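J.: My questions all concern the structure below.
The values are calculated or read from the model by the stated rules, or taken from the named source; none is laboratory data. For clarity, every value in this text was computed on a predicted model and none was experimentally measured. Here Cβ is always computed from backbone atoms with ideal geometry, including for glycine, and neighbour counts include all displayed protein chains. SASA here: full protein model, heavy atoms, side chains in, ligands and nucleic acids out. Shrake-Rupley method; radii C 1.70, N 1.55, O 1.52, S 1.80 Å.
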Amino acid sequence: MSDDGNTVTALALKLKTPPTRTIEIQSPGTPALLRVREGIVRIGRDAINEVVIDDPFVSRQHLEIRVFPHGVEIADLDTKNGTHFQGARIRELPITSEATLLLGKNITVRIRVVDDAKSRAEVDEFIGVSPSIVKLRSTVQRVAPTTLSVLIEGETGTGKEVVARAVHQRSPRAAKPLVVFDCASVSPSLLASELFGHTKGAYTGATGSTEGAFRRANGGTLFLDEIGELPLDLQPALLRALEARQVRPVGSDAYVSVDVRIIAATNRSLEAEVEAGRFRKDLLFRLAVTRIKTPPLRARPEDVAVLAAHFASALGASLSPPVLAQLSARAWTGNVRELRNCVERAVMLSGGPGVFVTDLDEDDDDAFDEGVLAPDPTSPLAIALAGSSTLPGALPTMGAASNMQFQDAKQIAVDAFEREYLLKLFAESDYNLSEAARRSGVHRRYLRELYKKHGIDLASLRVTRGQS
């Protein structure tokens with residue numbers, strides 16, 4: 001938080017299941033703490049807002065922070081002076097990690113979205129039953145409580161950012177920011193400013209000062225993704241920041257102390273980059289105090305069916321055992337990301353959320369010729385699937401459940417219950433959403449989001465009811 005009296009800091013918890021969201025807001029003049037379970041928080045000059053900011057350039061109703069099961073988004077309410085993000089005026093903006101906004105002319109609002117460390121971490125982070133995933137979990141548990149810098153190495157699509165978030169959430173810094181900085185997505189001319197911040201007038205167009213990623217992460221963790229893409233001429237400044245825990249904003253002569261833990265990730269061999277003269281050896285040593293390797297999906301074929309079932313469940317759909325077997329037989333060169341895309345495509349081409357997928361489309365069938373793995377029929381998952389009629393469209397059988405991770409089996413059961421409950425609730429409420437909200441004791445807006453989560457089309461249900 002800033003001490004200048006013009007900063008509002010919002011902390012929202014983004015979980016997959018209906019969590020208690022915590023939004024911490026400090027407004028100019030009168031600090032206030034709000035705790036909400038989903039819903040909307042409004043910011044503006046009018047007294048009817050949850051957060052009141054007495055500033056002439058802030059509109060009466062200026063901004064909404066919308067907290068839903070699927071995530072957090074902000075919306076400018078057609079204001080005169082606008083809401084700006086990274087220098088651009090915005091109307092709506094989804095928030096997945098954090099964002100710094102400018103309301104009117106001089107009110108700064110910071111919003112951070114973090115996963116609750118007490119959430120379904122095992123399901124959301126490390127899905128699988130393979131020895132490599134078991135080892136990864138163990139490594140994260142040992143490394144997370146320390147202060148060591150971490151270098152995460154692995155192919156594209158293997159979940160390096162997932163590992164970084166898991167390390168942060170299990171660390172003593174979990175309540176502080178996790179700032180994600182993608183070294184490959186920022187223009188080289190702006191890298192120093194984005195990392196270390198800049199002062200007003202530091203360069204043409206710098207109409208104000210910025211903190212930079214290091215200072216935004218102060219007290220927490222800075223995740224430097226694709227560190228192998230960092231230009232060689234900027235590496236000395238990063239090395240100094242890591243060694244001295246100080247940064248110098250662009251345009252300033254003064255150093256600013258920072259307290260951050262560094263996690264870096266790369267899909268390159270940094271040793272090879274050092275040999276090629278593209279990466280500093282001393283920076284590599286400083287980053288790789290401890291190393292974590294994310295295994296490619298082809299090295300853990302027993303995890304494919306569990307992952308595929310999880311992705312289908314997130315869309316409110318389920319996959320037949322033959323489809324799961326087909327997916328398990330493929331060598332996934334694009335790793336988990338490619339598998340997710342394949343499952344999403346299969347669900348949508350089969351009719352969308354709520355379907356039971358029994359066939360892959362032709363493109364997916366042809367893709368199996370690129371590389372096939374022979375599944376191990378004696379693996380626990382294969383045995384579990386053999387005794388399961390659907391996964392996860394219905395409750396898993398005891399034979400299947402006992403060979404799955406507890407959180408995986410539990411989530412399948414919870415999703416099945418939620419879907420059945422919502423369908424029955426809507427029917428008994430005469431297909432009226434307001435009545436369903438009254439009966440269930442759940443806010444109407446949040447109830448609508450739950451129906452979306454499970455792929456239940458309320459309009460289609462009403463039409464079906466009218467035809468019966």
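J.: Based on the alpha-carbon gyration tensor of the range 140-283, what equivalent-ellipsoid semi-axes (square roots of 5 times the eigenvalues) come out, in whole Å, largest first? Can you show the working numbers first?
T.: On the way: eigenvalues 119, 74, 36 Å².
For the range 140-283, the ellipsoid semi-axes come out as 24, 19, 13 Å.
J.: Going by average Cβ neighbours within 10 Å, how do the peptides 227-240, 171-184, 305-318, 272-285 rank, with the highest at the top?
T.: Values: 227-240: 16.9, 171-184: 18.6, 305-318: 23.5, 272-285: 14.9.
Ranked by mean Cβ neighbours within 10 Å, highest first: 305-318, 171-184, 227-240, 272-285.
J.: With every protein chain kept in place and ligands, DNA and RNA left out, what is the accessible area per residue of the range 253-346? Probe 1.4 Å, answer in Å².
T.: 40 Å²
J.: Further question: Taking a temperature of 37 °C and a viscosity of 0.692 mPa s, what whole-number D in µm²/s does Stokes-Einstein yield for the range 205-252 with Rh from Kirkwood over alpha carbon pairs?
T.: On the way: Rh = 12.3 Å.
Diffusion coefficient, whole number: 268 µm²/s.
J.: Once amide H atoms are placed 1.01 Å from N in the peptide plane, what residues at a sequence separation of 5 or more from T221, or on another chain, have their amide H within under 5 Å of its amide H?
T.: Long-range HN contacts for T221: L178, V179, R261.
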